[in-house]
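Chemist: Sharing a structure below in structure tokens format, with a few things to ask.
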Amino acid sequence: MSVLWLLLLHALSTTIMAGVIWTMQLVHYALFVNVGAERFCAYQREHMRRISWIVGPMMGVELITASWLALDPPRGVHPWMTLLGVGLVGAIWLSTGLLQGPTHVRLARDGAVPDRIRFLLASNWIRTAAWSIRAPLALLMLTLGASAAAEGMS
């Protein structure tokens, strides 16, 4: 795979996830309280099923490309950028696995427990902040890598 394709896949997966997480934070999770107790468990299970088709592949591509870039930073891209990027991916995966993921499972099992919904909203700011840093960082790496590649061609 060429370095430009790698940087493009990385930036694409990261910016998609930044958009998804902001939508989840400000719209979707915030509306959980309006679903209604009698339908919440089924709603939450369906949410988990449907969102997995988006976030699973994008987070996987992001993890693979961020790791690849950290192991072999492209010409023109500062190694600290790739290390920061993969570190933020690690924080996102840890937050998802330790905080948001288990909270979603409990909500699907136990229903719309207000404290759990508040916890989900509060803890999700970790991922929102991380992807908000990652998106411009990934775009900057793409720009720097493309510029270095173009200079190498001339």
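The values are calculated or read from the model by the stated rules, or taken from the named source; none is laboratory data. Given the structure is predicted, the values throughout are model-derived calculations rather than measurements. Note that we place each Cβ from the backbone using ideal geometry, even for glycine, and neighbour counts take in every protein chain shown. Keep in mind that these areas ignore ligands, DNA and RNA; they rest on the heavy atoms of the full protein, side chains included. Shrake-Rupley method; radii C 1.70, N 1.55, O 1.52, S 1.80 Å.
Chemist: Can you say whether LEU69 is open to solvent by less than 60 Å² (accessible area, probe 1.4 Å), within 20 Å of ILE133 (Cα to Cα), modelled with pLDDT of 95 or more and part of a helix (DSSP H, G or I), as far as the supplied structure shows?
Modeler: Values: open to solvent by less than 60 Å² (accessible area, probe 1.4 Å): yes; within 20 Å of ILE133 (Cα to Cα): yes; modelled with pLDDT of 95 or more: yes; part of a helix (DSSP H, G or I): yes.
When the stated conditions are applied, LEU69 passes them.
Chemist: Another question about this same structure. In the list GLY56, GLY85, which residue meets the criterion of being of a type outside the set (A, V, I, L, M, F, W, C), open to solvent by less than 20 Å² (accessible area, probe 1.4 Å) and modelled with pLDDT of 95 or more?
Modeler: Numbers: GLY56 fails: open to solvent by less than 20 Å² (accessible area, probe 1.4 Å).
Only one candidate qualifies: GLY85.
Chemist: For SER2, only one of the following conditions fails: (1) surrounded by 16 or more Cβ atoms within 10 Å (Cβ to Cβ); (2) within 30 Å of ALA149 (Cβ to Cβ). What is its number?
Modeler: Among (1) surrounded by 16 or more Cβ atoms within 10 Å (Cβ to Cβ); (2) within 30 Å of ALA149 (Cβ to Cβ), the lone unmet condition for SER2 is (1).
Chemist: Say we look at segment 111-154 and pick out the residues that are in contact (Cβ under 8 Å) with a residue 24 or more places away in the chain and not in a helix (DSSP H, G or I); which of these is least open to solvent (accessible area, probe 1.4 Å)?
Modeler: GLY111
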